[in-house]
Structures are given as structure tokens and as C-alpha cells.
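A.B. asks: Let me begin by handing over the structure; questions about it come next.
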Amino acid sequence: MKAEADARARRPATADTPPRLSATARAVQSLRLRLSQESWSAGDRLPSEPTLAKELGVSRVSIRAALAQLESEGLVDRRHGSGTYVNSVRPLVRSLHLNVGSDELIKSRGHIPGISEMSWKQEAATEEIAERLAIDTKTPVVHLYRVRTADDTPVTISHDYFAAALLPDEQPLSLGPSLYTFLSAVCGVDVKFGVANLEPALVDDEHAAVFGVDAGELCLVIKQIDYDLDERPVSYSVEYHLASAFDFQLVRQGPATLTRPATR
């Protein structure tokens, strides 16, 4: 029986028998799942390596390698002589099919949203902005610039544009942290939906200085046009999301849902 078991263990994997994950990979999966399910909160100290090894049924060497990988991903912080701690900024999950503000996103993940920089000014629309907003080039637009933070760490740089003609006559104005709230409450325009294009990019020197990271790190650029109830373009935004801080998800329907006949 032992000889047969050894033979099976040496037998190459086929399509029906996928290769087993290594002990380190299994430990990484288990620990990452616990972090995503918020079994531990930001700043919590993880159980000791011997305890984790016993819980997951792997060796201390595998646990040590797994924690090293999670540290390289920014999920945990290993402190010599103290232990392993959950980082204060864990990857934020953002579902791309929901058009919500960054504050709501950051709050939903248990972090404290903030804005480290914000400014706005009127300027002439460039060809790109004019095309997106369906206005003439050089038409006055409002340019809103914000650096959003999660637990005081910069995670998003955003540029938002909308036609200055939407502004009411009363002065002075304060845009506040939420553009959607400002457009609705002050300008009387409600956003119904947005159409976004996603582009992978590398953080340049200017944005690296703002994020506090090295140039060349990966970021996701989202360029989005928001439309009102009459499907007219209201605002155009260009957002730079630090990839190490966000985990973007996309819900895709079908094909069964798309082909199923309608019933009443």
C-alpha cells in the first residue's frame, strides 16, 4: 500500500489531477483570506509563527515564507523582536460596476477617508475636456484637484472638470469633499450614471512625490464621463489610483442571464 501511495505521489499531474499547491502557497491563501474577511483589524498583531503553523497545518518555514510574501504585498508589517502586524492601509476593494464616491469606498473598508490636498479654479477647456463634456474648446470649466487619503495615506489623485456655466450666481462657493453632492445640492444637477475607461499606467515623478512612493509603481487611471438624468454629460474625471492600495473588481453578467427569455 505504501508503494502505491508513493507511486501516486510521484505521478505527474494531468488535467483531471491538478498539481497541489505548496505549503507556502496554501498558507498565503489562508492568511490572505483571513485578512480580506477582516478576521484581524488594522494594527492587530497576528498570532505567533508556531501558532499559525499549527492552525494551518504547515511548517514554521512555510509560515515564515508566507508572511514574507504578504509583507512584500504591503498587507502586513513584520517587526523584529515584536511580531507581525496588520498594516493600517490594507488593499481597498472597489467594485467597478458601482459609481460611488471615494469617501464611501474608503469608509466601506473600515478606513478613515480624508483629503490632504484640494484646490479648484476656472480655466479654459482643452480639446479633450471639451469633447468629453460636449462643449466648445476654451469654454470656461471648473477644475477640481484632490488628493484622497485612507488613514492619512494618499491613495488617489483626482482631477474633475465641469462647465463653469453650472455654477450659480451666488458667491462665494465651497465645493467641499464630494463633487456629486455639490452638483446636486448647489448646481441642481444629479448624476445618473458614468461611463469609464480604464488604463494601466506607471506612477510618474510628480505623482510619486504626492503618493510618497517610488516612480514606476503601478497605478490604474480611470477616465470617466458622468451623465445627468437626461443623459447629458455633466462632469469629466481623471483619477489615479495607487494599485498597491486598491483591489478593483468587476461583476460580469451572463451568458445565461443575457440569453434567458423574459418572464412575467
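A.B. asks: Can you run down the residue pairs with Cβ atoms below 6 Å, 6 or more apart or on separate chains, where the first is in the range 178-202 and within 17 Å of T156 (Cα to Cα) and the partner is open to solvent by 50 Å² or more (accessible area, probe 1.4 Å)?
C.D. replies: From residues that are within 17 Å of T156 (Cα to Cα), the pairs are N197/K223.
A.B. asks: As an exercise: evaluate C187 against (1) within 26 Å of V210 (Cα to Cα); (2) in a loop (DSSP other than H, G, I, E, B) and give the number of the one condition it does not meet.
C.D. replies: Going through (1) within 26 Å of V210 (Cα to Cα); (2) in a loop (DSSP other than H, G, I, E, B) one by one, C187 breaks only (1).
A.B. asks: Using beta carbons and a limit of 6 Å, which pairs, at least six apart or on different chains, have the first residue in the range 18-29 and of a type in the set (S, T, N, Q) and the second one crowded, with 16+ Cβ neighbours inside 10 Å and modelled with pLDDT of 90 or more?
C.D. replies: If the second residue must be crowded, with 16+ Cβ neighbours inside 10 Å and modelled with pLDDT of 90 or more, the pairs left are T24/S62; T24/A65; T24/A66.
A.B. asks: Give the number of residues within the range 133-155 that are under 25 Å from the mean Cα position of the chain (by Cα), basic (K, R) and open to solvent by 70 Å² or more (accessible area, probe 1.4 Å). Spell out the reasoning first.
C.D. replies: Just the residues of the range 133-155 that are under 25 Å from the mean Cα position of the chain (by Cα), to begin with: 143-155.
From what is left, the residues that are basic (K, R) are 146, 148.
Checking the rest, the ones that are also open to solvent by 70 Å² or more (accessible area, probe 1.4 Å) come to none.
Residues flagged as under 25 Å from the mean Cα position of the chain (by Cα), basic (K, R) and open to solvent by 70 Å² or more (accessible area, probe 1.4 Å) within the range 133-155 amount to 0.
A.B. asks: Starting from residues that are exposed (fewer than 14 other Cβ atoms within 10 Å of the Cβ) and farther than 13 Å from T153 by Cβ, keep the ones in the range 109-122 and report whichever is modelled with the lowest pLDDT.
C.D. replies: Keep residues of the range 109-122 that are exposed (fewer than 14 other Cβ atoms within 10 Å of the Cβ), which gives 110, 112, 116-117, 119, 121-122.
Among the residues that remain, those that are also farther than 13 Å from T153 by Cβ are: 110, 117, 119, 121-122.
Numbers: G110: 68, E117: 94, S119: 92, K121: 93, Q122: 93.
Selected residue: G110.
Every residue, every condition in (1) open to solvent by less than 50 Å² (accessible area, probe 1.4 Å); (2) within 16 Å of L75 (Cβ to Cβ), yes or no:
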{"position": "A27", "(1), (2)": "yes, yes"}
{"position": "L31", "(1), (2)": "yes, yes"}
{"position": "L35", "(1), (2)": "yes, yes"}
{"position": "D44", "(1), (2)": "no, yes"}
{"position": "T51", "(1), (2)": "no, no"}
{"position": "E55", "(1), (2)": "no, no"}
{"position": "V58", "(1), (2)": "yes, no"}
{"position": "S62", "(1), (2)": "yes, no"}
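A.B. asks: I would also like to ask the following. Could you tell me whether any residue of the range 218-232 is farther than 23 Å from A125 by Cβ, in contact with a strand residue (DSSP E or B) (Cβ under 6 Å, 6 or more places away or on another chain), open to solvent by less than 70 Å² (accessible area, probe 1.4 Å) and modelled with pLDDT of 85 or more?
C.D. replies: There is at least one residue in the range 218-232 that is farther than 23 Å from A125 by Cβ, in contact with a strand residue (DSSP E or B) (Cβ under 6 Å, 6 or more places away or on another chain), open to solvent by less than 70 Å² (accessible area, probe 1.4 Å) and modelled with pLDDT of 85 or more.
A.B. asks: Does the range 156-167 contain at least one residue that is part of a helix (DSSP H, G or I), open to solvent by less than 30 Å² (accessible area, probe 1.4 Å) and at pLDDT below 90?
C.D. replies: Checked against the condition, which is being part of a helix (DSSP H, G or I), open to solvent by less than 30 Å² (accessible area, probe 1.4 Å) and at pLDDT below 90, the range 156-167 yields no hits at all.
The values are calculated or read from the model by the stated rules, or taken from the named source; none is laboratory data. All values reported here derive from a predicted model rather than from experimental measurement. Using ideal geometry, Cβ is built from the backbone for each residue, glycine included, and neighbour counts are taken over all protein chains shown. To get the accessible areas, we keep the full protein, side chains included, count just its heavy atoms, and leave off ligands, DNA and RNA. Shrake-Rupley method; radii C 1.70, N 1.55, O 1.52, S 1.80 Å.
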